[in-house]
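> Quick one: the structure is below, questions incoming.
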């Protein structure tokens, strides 16, 4: 390699591109670490503070069958309510699935008068609506998958909401099968840090 080639414009452009790609990869890995670290939460309802509201983030679905993931979230909410009853239990999502989720909660002895449905097509829309209804000074217990904790905590902060995460049962362990979800959630955190979490919806 000649000395002149080291100082050619093309060489500097290649180096600049390589540096940018390295920095992007490092940033993504960092967001992956934040996502994993935030997912390390206890599932026991006993460690939670008493809150005014239990919010269950449910995936949008037109299915009449509750998925294993949804049932895990509902069971976690039932466990929380048994130990620390809340005035409001909110199911967030849309589709037929949400109605069956409500029936599941009622069958597990949560009074219908305490349950409400927040129809929302996106997670940012859910938290935006909560900011206007529940209020920003009341603690909200959010039930979702453990790997979604980092995104949700940042989204709640952007809406100035006070929350505590309670991961769904069996969602806290990151296995080989969960690498895809970890990558997805890390991407949401990375993009959210750049353009704002209220503009990013992971599902």
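The values are calculated or read from the model by the stated rules, or taken from the named source; none is laboratory data. From a predicted model like this one, the values you see are computed outputs, not experimental measurements. As a convention, Cβ positions derive from the backbone with ideal geometry for all residues, glycine included, and neighbour counts pool all protein chains shown.
> Can you work out which of the residues in segment 167-184 that are modelled with pLDDT under 85 and outside any helix (DSSP H, G or I) is surrounded by the fewest Cβ atoms within 10 Å (Cβ to Cβ)?
Step by step, filter segment 167-184, then rank; the result is 175.
> Quick check on this structure: which one of 24, 41 is free of Cβ contacts under 8 Å to residues at least 12 places away in the same chain and over 20 Å from residue 115 (Cα atoms)? Please lay out each step first, then the result.
Working: 41 fails: free of Cβ contacts under 8 Å to residues at least 12 places away in the same chain.
Residue meeting the stated conditions: 24.
> Could you pull out the residue among 26, 37 that is loosely packed, with under 13 Cβ neighbours inside 10 Å, within 24 Å of residue 186 (Cα to Cα) and touching a helix residue (DSSP H, G or I) at 6+ places or on another chain (Cβ under 8 Å)? Before you say what the answer is, go through the steps one by one.
Values: 26 fails: touching a helix residue (DSSP H, G or I) at 6+ places or on another chain (Cβ under 8 Å).
Criteria check complete, one pass: 37.
> Name the residues in segment 185-203 that are part of a helix (DSSP H, G or I) and at pLDDT below 90, would you? Reasoning before the result, please.
Filtering segment 185-203 down to residues part of a helix (DSSP H, G or I) leaves 185-195, 197-199.
Hits for segment 185-203 are 198, 199.
> Before we move on, is residue 148 under 13 Å from the mean Cα position of the chain (by Cα), closer than 19 Å to residue 43 by Cβ, part of a helix (DSSP H, G or I) and free of Cβ contacts under 8 Å to residues at least 40 places away in the same chain? Quick ask: steps written out before the conclusion?
Numbers: under 13 Å from the mean Cα position of the chain (by Cα): yes; closer than 19 Å to residue 43 by Cβ: yes; part of a helix (DSSP H, G or I): yes; free of Cβ contacts under 8 Å to residues at least 40 places away in the same chain: no.
No, not satisfied.
> Please work out if residue 86 is within 18 Å of residue 168 (Cα to Cα), touching a residue at least 60 places away in the same chain (Cβ under 8 Å) and touching a helix residue (DSSP H, G or I) at 6+ places or on another chain (Cβ under 9 Å). Quick ask: steps written out before the conclusion?
Values: within 18 Å of residue 168 (Cα to Cα): yes; touching a residue at least 60 places away in the same chain (Cβ under 8 Å): no; touching a helix residue (DSSP H, G or I) at 6+ places or on another chain (Cβ under 9 Å): yes.
Taking the combined requirement at face value, the residue does not satisfy it.
> Looking at residue 4, is it modelled with pLDDT under 90 and closer than 18 Å to residue 153 by Cα? Don't jump to the end; show me each part of the working.
Working: modelled with pLDDT under 90: yes; closer than 18 Å to residue 153 by Cα: no.
The answer is no for residue 4.
> What residue, among those in segment 113-138 that are outside any helix (DSSP H, G or I) and modelled with pLDDT under 80, is farthest from residue 199 (Cα to Cα)? So that I can check it myself, show each step before the final result.
If we filter segment 113-138 for residues that are outside any helix (DSSP H, G or I), which is where we start, we get 115-122, 134-138.
This time we only want the ones that are modelled with pLDDT under 80, so: 121, 134-137.
Values: 121: 13, 134: 21, 135: 21, 136: 20, 137: 23 Å.
My answer is 137.
> Is it the case that segment 53-70 has a residue that's surrounded by fewer than 16 Cβ atoms within 10 Å (Cβ to Cβ), more than 18 Å from the chain's Cα centre (by Cα), in a helix (DSSP H, G or I) and modelled with pLDDT under 95?
No, segment 53-70 has no match at all.
> Then there is this: Which residues, counting only those in segment 82-95, are within 18 Å of residue 49 (Cβ to Cβ) and surrounded by 21 or more Cβ atoms within 10 Å (Cβ to Cβ)? Let's see the steps before the verdict.
To start, the set of residues in segment 82-95 that are within 18 Å of residue 49 (Cβ to Cβ) comprises 82-90.
Once the filter is applied, which keeps residues that are within 18 Å of residue 49 (Cβ to Cβ) and surrounded by 21 or more Cβ atoms within 10 Å (Cβ to Cβ), segment 82-95 yields 89, 90.
> For segment 96-105, how many residues are under 19 Å from the mean Cα position of the chain (by Cα) and either surrounded by fewer than 19 Cβ atoms within 10 Å (Cβ to Cβ) or modelled with pLDDT of 95 or more (or both)?
0
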